[in-house]
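Novice: Below: one structure in structure tokens.
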Amino acid sequence: MYTPSPNFSWGKVGMGARGASRAAGACPMNTNVGIVIVSHSPDVAKGAADMVRQMVGDDVPLAWCGGAPGGGLGTSVEAIMAAIDRAWSEAGVAILVDLGGAETNSEMAIEMLPDERRDRVVICNAPVVEGAVMAGTEASAGSSLEHVRRTAEELRAA
Amino acid sequence: MDQTTLKQLIVAVAESVIAHAEELTTLDQAIGDGDHGLNMKRGFEAVLAEVDKTSALPPSDALKAAGMALVMKVGGASGPLYGTLFMGLGKAWPATVDQAGLADAFTAAIDAVKARGKSEPGMKTMLDVLVPLAAELRNGADLAQLRATATAAADATVPMKAIRGRASFLGERSVGHMDPGARSSSLILHAIADVLEEQHVA
């Protein structure tokens, strides 16, 4: 089973998310569903996460990642797995993705999680920014993972 | 398969993809997001960096390791897709390496790619090259026939309308361009054939 190497370098990509999810580490947040934002662009991912954080404060475990392994636009399975870990909640984690590769790499990351976590992570079929805000708001109310996902995905019909 | 051949195959495939990165990117700029060449280059550079370690493994484990390197390093959808292909081949690698056994393993790996990409042949993807190749392999085709099939199958994606992947956003406008994933699959087959033909001559 794959585990991220301890010396894996985040460069400038992931530190913000790590800081953001740790900033609220003092209060127990693992009862609400966690949110992970995955974009090809670290700027988009961080911006969406900032919006969610402003909406829901520290009530929701939140992490983001963006950029290909080694830099440039893209997504990284290793970074997605690490983001899921940072946003981990016993209630599960909802992932918001932007374009195709982000979805495929997120599916791959979920498959590589330990057995006990794999079934508690879902990808929301929703626009990344709006979906993240809706999912985060729903998660902050203590809703179940399935409910969080449905709320994000209701945006599709709008 | 001996380890020298295994190493030659890995190196040849990686070098071919890396050498054609610009062409793949140009194809992808026409109908995708223009990152296929760059992503595949990054992935196969990672495969190449580990080739001494990888080629010392039994073929099934070597294929799984190469696939995992692609999954972790490519950065786009082609990472999980090609990674799944190679890992699937490794998983299904036959105890006795003959053409029927290889065809079975290849078919199992392609099924995994179909599931990963939620795709089928006819949607203007790498499957439009892989699936005909598996059929030819099962029919007992030789290397020359496999080469011809790969080239023709990649060419046949030109008039197709994309149904999966980024190119599907373009709808009708995807018609008239070769699918970059079909092209990279064809390149890989030709690189494999280069090595095996050289061995037959030697």
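The values are calculated or read from the model by the stated rules, or taken from the named source; none is laboratory data. What you see is a predicted model; the values in this text were computed from it and never measured. Backbone-built Cβ (ideal geometry, glycine too); neighbour counts: all protein chains shown. Please note that ligands, DNA and RNA were not included when accessible areas were found on the heavy atoms of the full protein model with its side chains. Shrake-Rupley method; radii C 1.70, N 1.55, O 1.52, S 1.80 Å.
Novice: Probe radius 1.4 Å, ligands and nucleic acids left out: which of A:Val121, B:Val11 has the largest accessible area, and how do the rest follow?
Specialist: Descending accessible area places them as B:Val11, A:Val121.
Novice: Please give the residues from the range B:75-119 for which the solvent-accessible area of heavy atoms, probe 1.4 Å, is smaller by at least 20 Å² with all protein chains in place than with the chain isolated.
Specialist: Those are B:Gly75, B:Ala77, B:Pro80, B:Arg116, B:Lys118, which lose 20 Å² or more relative to the chain on its own.
Novice: For the protein assembly as shown, take N as its residue count and report Rg(C-alpha) divided by 2.2 N^0.38 Å.
Specialist: Rounded to two decimals, the normalised Rg is 1.03.
Novice: Please list A:Glu146, A:Glu90, A:Glu153 in order of solvent-accessible area, largest first, computed with a 1.4 Å probe with all protein chains present.
Specialist: Reading off the accessible areas and sorting them downward yields A:Glu90, A:Glu146, A:Glu153.
Novice: With all protein chains present, calculate the accessible area of A:Ile95 using a 1.4 Å probe and round the result to the nearest 10 Å².
Specialist: 0 Å²
Novice: Students often check this: by mean Cβ neighbours within 10 Å, which of A:104-113, B:133-142, B:118-127 ranks highest, and how do the rest follow?
Specialist: Highest mean packing first, the order is A:104-113, B:118-127, B:133-142.
Novice: With a point put 7 Å past each Cα toward its Cβ, work out how far A:Met51 is from B:Gln145 in nm, to one decimal.
Specialist: 5.6 nm
Novice: Still on this structure, I have one more. Quantify how strongly other chains surround peptide A:100-112 by giving the mean number of their Cβ atoms within 10 Å of each of its Cβ atoms.
Specialist: Counting other chains' Cβ atoms within 10 Å and averaging over A:100-112 gives 6.
Novice: I would also like to ask the following. Which links in B:Lys7/B:Lys64; B:Lys7/B:Lys73; B:Lys91/B:Lys124; B:Lys91/B:Lys118; B:Lys73/B:Lys161 stretch past 22 Å when you go from one Cα to the other?
Specialist: Exceeds cut-off: B:Lys91/B:Lys124; B:Lys73/B:Lys161.
Novice: Under 12 Å Cα to Cα from B:Lys41, which aspartates and glutamates show up? Leave out anything in the same chain fewer than 8 places away.
Specialist: B:Glu15, B:Glu22, B:Glu23
Novice: Another question about this same structure. Using amide H atoms built in the peptide plane, which far-off residues or other-chain residues are under 5 Å from A:Leu62 H to H?
Specialist: For A:Leu62, the qualifying residues are A:Ile35.
Novice: Could you name every residue in the range B:146-170 that has 30 Å² or more less accessible surface in the full protein assembly than in its own chain alone (probe 1.4 Å, ligands and nucleic acids excluded)?
Specialist: When all protein chains are present, B:Arg166 each give up 30 Å² or more of accessible surface.
Novice: A further question follows. Using 5 Å bins from zero, what percent of all Cα-Cα pairs in the range B:32-83 falls into each bin?
Specialist: 5, 25, 29, 21, 12, 5, 2, 1
Novice: Next up: Taking 2.2 N^0.38 Å as the expected size of a compact globular protein, what ratio does the Cα radius of gyration of chain B give against it, to two decimals?
Specialist: 0.95
Novice: Same structure again: As a test of understanding, state the convex hull volume per residue of the range B:106-164 from its alpha carbons, in Å³.
Specialist: In the range B:106-164, the Cα hull volume divided by residue count equals 61 Å³.
Novice: Could you sort B:Trp93, A:Trp88 by accessible area so the largest value comes first, with the probe set to 1.4 Å? The partial results should precede the final answer.
Specialist: Values: B:Trp93 55, A:Trp88 30 Å².
From most exposed to least exposed: B:Trp93, A:Trp88.
Novice: If you don't mind, another one. Report the accessible surface area buried between chains B and A, summing both sides, using a 1.4 Å probe on protein heavy atoms only, in Å² rounded to the nearest 100. Before the final figure, lay out the partial values.
Specialist: Details: alone 9460 and 7620 Å², together 15660 Å².
In total, chains B and A hide about 1400 Å² from solvent.
Novice: Ratio of the range A:15-157's C-alpha Rg to 2.2 N^0.38 Å, to two decimals?
Specialist: In units of the globular-protein estimate, the range A:15-157 measures up at 0.91.
Novice: Ignoring everything but the protein chains, give the 1.4 Å probe accessible area of A:His147 in square angstrom, nearest 10.
Specialist: Solvent-accessible area, nearest 10 Å²: 80 Å².
Novice: Ignoring ligands, DNA and RNA, what accessible area per residue does chain B give at 1.4 Å, in Å²?
Specialist: Ligands and nucleic acids excluded, the result is 43 Å² per residue.
Novice: Taking beta carbons within 10 Å but only from partner chains, what does the mean come to for residues A:75-82? Walk me through the numbers before you get to the answer.
Specialist: Values: counts 5, 6, 9, 3, 2, 0, 1, 0.
Per-residue shielding by partner chains comes out at 3.
Novice: Of the listed peptides A:48-54, B:73-79, what is their order by residue-averaged count of other C-beta atoms within 10 Å, with the highest listed first?
Specialist: B:73-79, A:48-54
Novice: Express in nm, to one decimal, how much length is gained between B:Val158 and B:Ala95 on full extension, taking 0.36 nm for each residue of separation and deducting their alpha carbon distance.
Specialist: Contour length minus Cα-Cα distance gives 18.9 nm.
Novice: Peptide A:59-68: average number of partner chain Cβ atoms within 10 Å per residue?
Specialist: Partner Cβ neighbours, averaged per residue: 1.
Novice: Which whole-Hz couplings ³J(HN,Hα) result when phi for each residue of the range B:79-84 is put into the Karplus expression 6.51 cos²θ - 1.76 cosθ + 1.60, θ = phi - 60°, listed in order with x for Gly and Pro?
Specialist: x, x, 6, 5, x, 5
Novice: Oh, and also: State the answer as a single residue: which of A:Gly131, A:Leu73, A:Ile95 lies farthest towards the positive end of the charge dipole of the protein assembly as shown, with beta carbon charges of +1 for Lys and Arg and -1 for Asp and Glu, about the Cα centre.
Specialist: Final value for the positive-end residue is A:Gly131.
Novice: Using protein chains only and a probe of 1.4 angstrom, how many square angstrom of A:Glu154 are accessible, to the nearest 10?
Specialist: Here the accessible area works out near 130 Å².
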